[in-house]
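*Asks:* Questions regarding the structure given below will be posed in turn.
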Amino acid sequence: MRKLVWLAIVAGGGLFVLASQEPDFTGIIRSSERLRMAIPDFRGAGEAQNYVAAFNQTLWADVEGSGLFNMASKSFYPPRIPQQPADFEAPPPPTRRPRRGQPPPPVTGNGLWMADWSGPPVEATYLTFGYAAVQNGVFVARGFVFDMRRGTPADAQMIAKNYVGSVDQAGAGKAAHEFACDIITQMGGTCIAGSHIYYTHQAVRGGAKEIWAMDADGSNQRQFTRFNSQPPGSNFSAVSPDGSKIAFTSYAKVQPAIFVFSVDPIRDLRFYNQRASVNAFPSFTPDGKQIVYSSSAPDDNCCRIFIADLNGTGFRPISAPGNIDVEPKVNPRTGNQIAFVSGRSGHAQVYTMNIDGGNVERVSDGGGEAVNPAWHPNGKTLAFAWTRGYATGKFNIFVMDVVTRKYIQLTHDEGRNENPVWAPDGVHLAFMSTRGGAEQVYTMLADGTQTQKLTSQGYNLNPAWGK
Amino acid sequence: MFERRSISAISLAVLLAVLAAGCGHHNPPPPPPPSPAVRPVEPAPAPVKPPAPVIAQFTAEPTSILIGQSSTLRWQVTGDVIGASIDQTIGTVQNTGNRRVFPSRSTTYTLTATGPGGSVTATATVRVAEAPPPPPPPPAPVAGAVTFEQSVANNVKDVFFDYDQSEIRADGQSVLTQDAAALKALLADFPNAVIMVEGHCDERGSAEYNLGLGDRRAGAARDFLVQLGVPAGRIRTISYGKERPQCTESDEECWQKNRRVHFSPGQ
C-alpha cells in the first residue's frame, strides 16, 4: 500500500515536471548527433596476448565513456578484422550484371572492405583498429582510426600511432588511456583520463571525515588530509582552476573554518578565517586569485556570501545580511556572476547574483529544495540537486539552462542523489548517491547514462573534479 | 634521645669529677721510676697539672619546639674556670646562667668551659619540628556534588525545532527559560566555565544548508538566553548541521529528536 502511494507521488511528480516546461532544452549531450564508432578487439602477438584484453577493455570504456560516440555493437562486426591499413582490400570492380534468376554475388570483403564497416549492419562512421605486441621489452599497441565516410584507406586515416606501456596490465591500460585520449581530442572532446576527483571519505558512520583524492575512473584512491580530529572532520572541497590548490571546510579547530591546501606538496597555505561561528563552503574564482565562501561574521548569524583573497585577507561581504546564504560558485566563463543557495524565500533554492551582490534572481522555481549548484564550463548551464516532485530529502540531479530556466532530470529516485560537479570535459558529472545503501561517489554522462560507481569502501561524498 | 644525652652528660661530669679527685694534691706521689741503665740527662721535673673545670649542667628545656617557639638553655660550670662560651653565635657566658634561644632548625649547642687544667665541652640539642604540612585539598565530592559537565547534562535541556525553522517554539521558550535559570546558577558556580550552544538538524536538507540552519538555531537559543540574563561572554555557538545526529532512523520521530539545540561544556 505504502509502495503504491509512493508510486503515485513519484509518477505525479514526474508528470508535473513534464507538463511544466517546454521540451526544448535537451541538456548538454545530444545523443542524436553522436556518430557511430566501431572498435573490434585488438589481437596480441606473443607475450602481448596476456595483456591485450585489459587494453581492449580500457579502450572501449574510455571511448564509450566520452559520450561522443554511439558504440557499434561487436555482434554486428564482420568475421575478418583488419589489423593494419595494409589489410584493407579494394572491392573488385563490378564486371557483369548477375544473371537472371541467380542471386547477386555478395558485396562483401568479410571485413576487409571499407564498406563492410560503413554499410549495414555496422554502419560505423569511425573504425578504431590495430594490434599489440611486445617489442624490446615494451608493450606496444599500434592504433589506427579511420573515418569510414572517406572512400579509400589512404584517405580515411585519422590516427596512426604507437602507444607504449610496461608489459603488464597497468602498462596495457596506460597505452589504452592514451590512445582513447587521442581519439577524444581528435573529435573535439576533452580527455579526462588525467584529471582528479577530490572527495570526502568517512571510514565509519559517525567518524571524522577526511579529504581524499582519486583518478577520474576511481583508481588510485588516496588520503589527502590527515587532521585525525574529532568528528565531523573535513568536507566540502573545491579545486582551483589550475588544479594546484584545494579549499575545504574543517572542524579541526572546533568551529567550522576554511582551509586552503596546495596539492603538490600537500601543504596548509593558512587561510585567514574571520572570527565567526561559521566559515565554510569555499570555492575559487575563475582566475584562481580569490575565494568566495559563506561566513556568519560579524554577529554569528549564518551566513552571508563573502569574497576574499586566497589567504583570507581583504574579505568583504557580497550578499545582504539576514539570510542563510551558502555554496557560492562563480560563473567560470564570465567571472562576474555567482550561483548560490539561499533560504531567503523559504526552503533552500538556487539563486544567481552579480559578483557585487546586485541583481539577485532565483533560478529554481521555488518547489522543493534546490541545493549544490555547479556551473558547467560553458557558464550557461547549472547542475544541482533538487527535491522537486519528490518527498523532502529525496534529492535528484537536475541540469538547467540558466537563461531559459529549462531543465532536465538526470537521476530518478534511486536513493538520494546530491553533490553534482562537472568534469573538465563538460560531458561528465560526478555526484553522490545512496542508491546502493551507503553514500558513494558515481560518475555519469550529462544525459544521465553510463553511470559508474567509483567508490565502495566506507562512505564517500562531495566530489570536486579538477585537472 | 634527649634522655640518653642527658644521662651521658651527667656521667661525663661524674667521670671528670673522679679524675679531678685522682689528680688532687692530697694523694701520695707515685713511686719514682726505676733507674735507667744508662743515666740520661736529668729531665726537668714534670709540672703539676691543675684540674680542668667541671660542667655540672648543660640542658635545653624544652628539647623539641616548633618554628618561632623558644627553648631555654641552662648551664653550670664549676671548678677552676677561666671562661665559658656557647657556640651558635651566643659567645661568652657566665659560669652559671640560662638563655632563651629561637632556633629555626634543629640545633646542637656546645658549651665549652676552659680552665688552667684544660677545656671541657658538653652539648645540648634543641629539635625544631618541620614546617607544618600544607592544608589538605578540599574533601572529595560526596554524593550529590557534580562537575560542570554533569550539571549541564542534568539541568540544561535540549530545545527542539520545526523543519527548516530556527524560531523558538512555545515549548522551546519554556525549556529555555528553565535553562537560563540553571545556566546562570551553573556559570556562577563554575566561574571559568563556558557553555557551548550546539545547533543540529535532521538528515533531510543538504549538509551545506543545514550547517547554516544549525547556526541559526544555536544563535536563536543564545539570543533568548542572553535576554534572560545569561552572560553573553560565557556562551559560544557551534553548528553541527546534520553531522552529529542523536538518532539515525528515517522517520519523523527521529528527525524531531535531531532538530535541536543541545548544550555542552565549552572549549
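The values are calculated or read from the model by the stated rules, or taken from the named source; none is laboratory data. This one's a predicted model, so the numbers in the text were calculated from it and none came from an experiment. Ideal geometry is used to build each Cβ from the backbone, glycine not excepted, and the neighbour counts take in all protein chains shown. Calculation scope for accessible area: heavy atoms of the full protein, side chains included, ligands and nucleic acids excluded. Shrake-Rupley method; radii C 1.70, N 1.55, O 1.52, S 1.80 Å.
*Asks:* Identify, from the list A:366, A:357, the residue that is over 15 Å from residue A:305 (Cα atoms) and either within 14 Å of chain B (Cβ to nearest Cβ) or outside any strand (DSSP E or B) (or both).
*Replies:* One residue alone meets the criteria, A:366.
*Asks:* Name the residues in the range B:51-73 that are surrounded by fewer than 19 Cβ atoms within 10 Å (Cβ to Cβ) and in a loop (DSSP other than H, G, I, E, B), would you?
*Replies:* B:62, B:63, B:66, B:67, B:68, B:69, B:70
*Asks:* Let me ask something additional. List the pairs whose first member sits in the range A:347-371 and is closer than 16 Å to residue A:337 by Cβ and of a type in the set (A, V, I, L, M, F, W, C), whose second member is outside any loop (DSSP other than H, G, I, E, B) and open to solvent by 20 Å² or more (accessible area, probe 1.4 Å), and whose Cβ atoms are under 9 Å apart, counting only residues at least 6 apart or on separate chains?
*Replies:* A:350/A:362; A:353/A:337; A:353/A:361; A:355/A:337; A:360/A:354
*Asks:* Could I ask something else about it? Just to be sure I understand, how many residues within the range A:410-422 are away from chain B (no Cβ under 14 Å), surrounded by 22 or more Cβ atoms within 10 Å (Cβ to Cβ) and not hydroxyl-bearing (Ser, Thr, Tyr)?
*Replies:* Taking the range A:410-422 first, the residues away from chain B (no Cβ under 14 Å) are A:410-414, A:422.
Those still in the list that are surrounded by 22 or more Cβ atoms within 10 Å (Cβ to Cβ) too: A:410-411, A:422.
Pick out the ones that are also not hydroxyl-bearing (Ser, Thr, Tyr) and you get A:410, A:422.
Residues that pass the stated criteria total 2.
*Asks:* Considering only the range A:214-233, state which residues are touching a residue at least 40 places away in the same chain (Cβ under 8 Å) and either within 14 Å of chain B (Cβ to nearest Cβ) or of a type in the set (Asp, Glu) (or both).
*Replies:* A:217, the sole residue that qualifies.
*Asks:* Moving to a separate point now. Can you tell me which of A:159, A:183 is surrounded by 14 or more Cβ atoms within 10 Å (Cβ to Cβ), among the aliphatic types (A, V, I, L, M) and under 22 Å from the mean Cα position of the chain (by Cα)? Before you say what the answer is, go through the steps one by one.
*Replies:* On the way: A:159 fails: under 22 Å from the mean Cα position of the chain (by Cα).
So the residue among A:159, A:183 that is surrounded by 14 or more Cβ atoms within 10 Å (Cβ to Cβ), among the aliphatic types (A, V, I, L, M) and under 22 Å from the mean Cα position of the chain (by Cα) is A:183.
*Asks:* Out of the range A:186-203, which residues are more than 14 Å from the chain's Cα centre (by Cα) and either open to solvent by less than 10 Å² (accessible area, probe 1.4 Å) or modelled with pLDDT of 95 or more (or both)? Working first, answer last.
*Replies:* Applying the first criterion (more than 14 Å from the chain's Cα centre (by Cα)) to the range A:186-203 yields A:186-188, A:200-203.
Listed by number, the residues that qualify are A:200, A:201, A:202, A:203.
*Asks:* Out of all the residues in the range A:26-61, which are under 15 Å from residue A:173 (Cβ atoms), surrounded by fewer than 17 Cβ atoms within 10 Å (Cβ to Cβ) and of a type in the set (S, T, N, Q)?
*Replies:* Scanning the range A:26-61 gives A:50, A:57.
*Asks:* Listed residues A:405, A:388, A:435; which is surrounded by 20 or more Cβ atoms within 10 Å (Cβ to Cβ), assigned to a loop (DSSP other than H, G, I, E, B) and not aliphatic (A, V, I, L, M)? Quick ask: steps written out before the conclusion?
*Replies:* On the way: A:405 fails: surrounded by 20 or more Cβ atoms within 10 Å (Cβ to Cβ); A:435 fails: surrounded by 20 or more Cβ atoms within 10 Å (Cβ to Cβ).
Selected residue: A:388, the only one of A:405, A:388, A:435 that is surrounded by 20 or more Cβ atoms within 10 Å (Cβ to Cβ), assigned to a loop (DSSP other than H, G, I, E, B) and not aliphatic (A, V, I, L, M).
*Asks:* Filter the range A:178-207 for residues that are under 30 Å from residue B:244 (Cβ atoms) and in a loop (DSSP other than H, G, I, E, B); which is farthest from the other protein chains (Cβ to nearest Cβ)?
*Replies:* Filtering first and then ranking leaves A:203.
*Asks:* While we're on this one: I'm checking my understanding of the structure. Among residues of the range A:256-272 that are open to solvent by less than 40 Å² (accessible area, probe 1.4 Å) and more than 14 Å from every other protein chain (Cβ to nearest Cβ), which one is nearest to residue B:209 (Cα to Cα)?
*Replies:* Here is the first cut: in the range A:256-272, the ones open to solvent by less than 40 Å² (accessible area, probe 1.4 Å) are A:256-263, A:271.
Now drop any that are not more than 14 Å from every other protein chain (Cβ to nearest Cβ), which leaves A:259-263, A:271.
Details: A:259: 19, A:260: 21, A:261: 24, A:262: 27, A:263: 28, A:271: 22 Å.
Among those that are open to solvent by less than 40 Å² (accessible area, probe 1.4 Å) and more than 14 Å from every other protein chain (Cβ to nearest Cβ), it is A:259.
*Asks:* Scan the range B:246-267 for residues that are under 44 Å from the mean Cα position of the chain (by Cα) and not in a loop (DSSP other than H, G, I, E, B) and jot them down.
*Replies:* Our first condition is that a residue be under 44 Å from the mean Cα position of the chain (by Cα); within the range B:246-267, this holds for B:262-267.
The answer is B:262, B:263, B:264, B:265.
*Asks:* Does residue B:250 satisfy the condition of being among the hydroxyl-bearing types (Ser, Thr, Tyr), more than 9 Å from chain A (Cβ to nearest Cβ) and open to solvent by 40 Å² or more (accessible area, probe 1.4 Å)?
*Replies:* Values: among the hydroxyl-bearing types (Ser, Thr, Tyr): yes; more than 9 Å from chain A (Cβ to nearest Cβ): no; open to solvent by 40 Å² or more (accessible area, probe 1.4 Å): yes.
Judged against the criteria, residue B:250 is not a match.
*Asks:* Please go through the range B:74-98 and pick out each residue that is of a type in the set (A, V, I, L, M), open to solvent by less than 80 Å² (accessible area, probe 1.4 Å) and part of a loop (DSSP other than H, G, I, E, B). Spell out the reasoning first.
*Replies:* So the first thing to find is which residues in the range B:74-98 are of a type in the set (A, V, I, L, M), and the list is B:77, B:81-82, B:84, B:86, B:90, B:93.
Now restrict to residues that are open to solvent by less than 80 Å² (accessible area, probe 1.4 Å): B:77, B:81, B:84, B:86, B:90, B:93.
Scanning the range B:74-98 gives B:81, B:90.
*Asks:* From the set of residues in the range B:75-94 that are of a type in the set (A, V, I, L, M, F, W, C) and closer than 12 Å to residue B:54 by Cβ, which is nearest to the chain's Cα centre (by Cα)? Give the derivation first.
*Replies:* Residues of the range B:75-94 that are of a type in the set (A, V, I, L, M, F, W, C), as a first pass: B:75, B:77, B:81-82, B:84, B:86, B:90, B:93.
Filter once more, so that each one left must be closer than 12 Å to residue B:54 by Cβ: B:75, B:77, B:81, B:84.
Values: B:75: 38, B:77: 44, B:81: 49, B:84: 42 Å.
Step by step, filter the range B:75-94, then rank; the result is B:75.
*Asks:* Is it the case that some residue within the range A:161-177 is more than 20 Å from residue A:443 (Cα to Cα), without any contact (Cβ under 8 Å) to a residue 24 or more places away in the chain and either out of contact with any Gly (no Cβ under 8 Å at 6 or more places or on another chain) or not in a strand (DSSP E or B) (or both)?
*Replies:* yes
*Asks:* Okay, next question. For the range A:32-90, give me each residue that is free of Cβ contacts under 8 Å to residues at least 60 places away in the same chain, of a type in the set (Asp, Glu) and either touching a strand residue (DSSP E or B) at 6+ places or on another chain (Cβ under 6 Å) or within 18 Å of residue A:108 (Cα to Cα) (or both).
*Replies:* Once the filter is applied, which keeps residues that are free of Cβ contacts under 8 Å to residues at least 60 places away in the same chain, of a type in the set (Asp, Glu) and either touching a strand residue (DSSP E or B) at 6+ places or on another chain (Cβ under 6 Å) or within 18 Å of residue A:108 (Cα to Cα) (or both), the range A:32-90 yields A:87, A:89.
*Asks:* Further question: So residue B:243 passes all but one of these: (1) within 8 Å of chain A (Cβ to nearest Cβ); (2) assigned to a loop (DSSP other than H, G, I, E, B); (3) open to solvent by less than 60 Å² (accessible area, probe 1.4 Å); (4) more than 24 Å from residue A:368 (Cβ to Cβ). Which condition number does it fail?
*Replies:* Condition not satisfied by residue B:243: (4).
*Asks:* Being within 14 Å of chain B (Cβ to nearest Cβ) and open to solvent by 10 Å² or more (accessible area, probe 1.4 Å) is the filter here; which residues of the range A:328-350 pass it? Step through it out loud before you land on a result.
*Replies:* Step one: of the range A:328-350, the residues within 14 Å of chain B (Cβ to nearest Cβ) are A:328-329, A:339-350.
Residues satisfying the conditions are A:329, A:343, A:344, A:345, A:346, A:347.
*Asks:* Here's something else I'd like to know. Take residue B:202 and decide whether it is touching a Phe, Trp or Tyr at 6+ places or on another chain (Cβ under 7 Å), at the interface with another protein chain (Cβ under 9 Å from one of its Cβ atoms) and within 25 Å of residue A:256 (Cα to Cα). Quick ask: steps written out before the conclusion?
*Replies:* Details: touching a Phe, Trp or Tyr at 6+ places or on another chain (Cβ under 7 Å): yes; at the interface with another protein chain (Cβ under 9 Å from one of its Cβ atoms): yes; within 25 Å of residue A:256 (Cα to Cα): yes.
Yes: the conditions hold for residue B:202.
*Asks:* A follow-up question, please. Report every pair of residues separated by at least 6 positions or lying on different chains whose Cβ atoms are under 6 Å apart, first residue within the range A:390-403 and at the interface with another protein chain (Cβ under 9 Å from one of its Cβ atoms) and among the hydrophobic types (A, V, I, L, M, F, W, C), second in a loop (DSSP other than H, G, I, E, B) and surrounded by 21 or more Cβ atoms within 10 Å (Cβ to Cβ).
*Replies:* Pairs found: A:395/A:387; A:395/A:416.
*Asks:* Which of the residues belonging to the range B:186-232 are free of Cβ contacts under 8 Å to residues at least 24 places away in the same chain and either in a loop (DSSP other than H, G, I, E, B) or under 20 Å from residue B:153 (Cβ atoms) (or both)?
*Replies:* Those that are free of Cβ contacts under 8 Å to residues at least 24 places away in the same chain and either in a loop (DSSP other than H, G, I, E, B) or under 20 Å from residue B:153 (Cβ atoms) (or both): B:188, B:191, B:192, B:206.
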